[in-house]
1. For E96 paired with R51, estimate the spin-label separation in nm (one decimal), with each label point 7 Å from Cα along the Cα-to-Cβ line.
2. Set the Förster radius R0 to 25 Å, insert the Cβ-Cβ distance between Q65 and S85 as r into 1/(1 + (r/R0)^6), and round the FRET efficiency to 0.05.
3. Find, among the chymotrypsin sites (Phe, Trp or Tyr not before Pro) in region 1-99, those assigned to loop by DSSP (not H, G, I, E, B) with at most 15 other beta-carbon atoms within 10 angstrom.
4. For region 8-110, divide the Cα radius of gyration by the Kirkwood radius and give the resulting Rg/Rh value with two decimals.
5. Considering only the other residues whose Cβ falls under 10 Å of the Cβ of H8, what net charge follows from Lys and Arg at +1 and Asp and Glu at -1?
6. What angle, in degrees between 0 and 90 and rounded to the nearest 10, separates the Cα long axis of helix 49-66 from the longest principal axis of the Cα atoms of the chain?
7. Which trypsin sites (Lys or Arg not before Pro) does region 27-57 hold that lie in a coil by DSSP with at most 14 other beta carbons within 10 Å?
8. Treating the angle as unsigned and between 0 and 90°, give the value, to the nearest 10°, between the Cα long axis of helix 87-98 and the longest Cα principal axis of the chain.
Amino acid sequence: MGDRENFHSGAPWEAVVGYSRAVRVNSFVAVSGTAPVDDKGEVVGIGDPYRQAQRCIEIIEAALQQSGAGLEHVVRTRMFVTDISLWQEFAKAHREAFKDIEPSTSMVEVAQLIDPRMLIEIEADAVVDDD
């Protein structure tokens, strides 16, 4: 399998659920589903799909940096949203972060996230070229 490193953000859910914010194996980095929360675990941007998507990406970027990667290494994102009719607001935040990178992506409507005030959760996969 190669060298594996787990990276944690300190969110209380990591220990409760048993997961890492990001896992790096060789050049591949997987970032867990990322919710729009602040450092205390409180939901950010309640009712604001654009701000919530931005916050998810900010957390993803921090996790990538912790693992030695950056947004420029992202090859795939997955957006789980509770109201697909808000897609343009989610897409605006995604485009701002990834317009020069253009990873493959999905946006899928789900019934609900862990907190009903959350409108979006985003996952990301990255590949780091160590050369």
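1. 1.2 nm
2. Working: r = 33 Å, r/R0 = 1.32.
It comes to 0.15.
3. Values: sites: F7, W13, Y19, F28, Y50, F80, W87, F90, F98; in loops: Y19.
Passing both the DSSP loop test and the Cβ count: Y19.
4. On the way: Rg = 13.4 Å, Rh = 14.2 Å.
Rounded to two decimals, Rg over Rh is 0.95.
5. Working: positive: R21; negative: E14.
My count for the surroundings of H8 gives 0.
6. Here the helix axis deviates by roughly 10 degrees.
7. On the way: sites: K40, R51, R55; in loops: K40.
Passing sites in region 27-57 are K40.
8. Orientation of helix 87-98: about 30 degrees from the principal axis.
No lab work stands behind these numbers, since they all come straight from the coordinates. Keep in mind the model is a prediction, meaning the values are calculated, not measured. For neighbour counting, all protein chains shown are included, and Cβ atoms are generated from backbone atoms with ideal geometry for every residue, glycine included.
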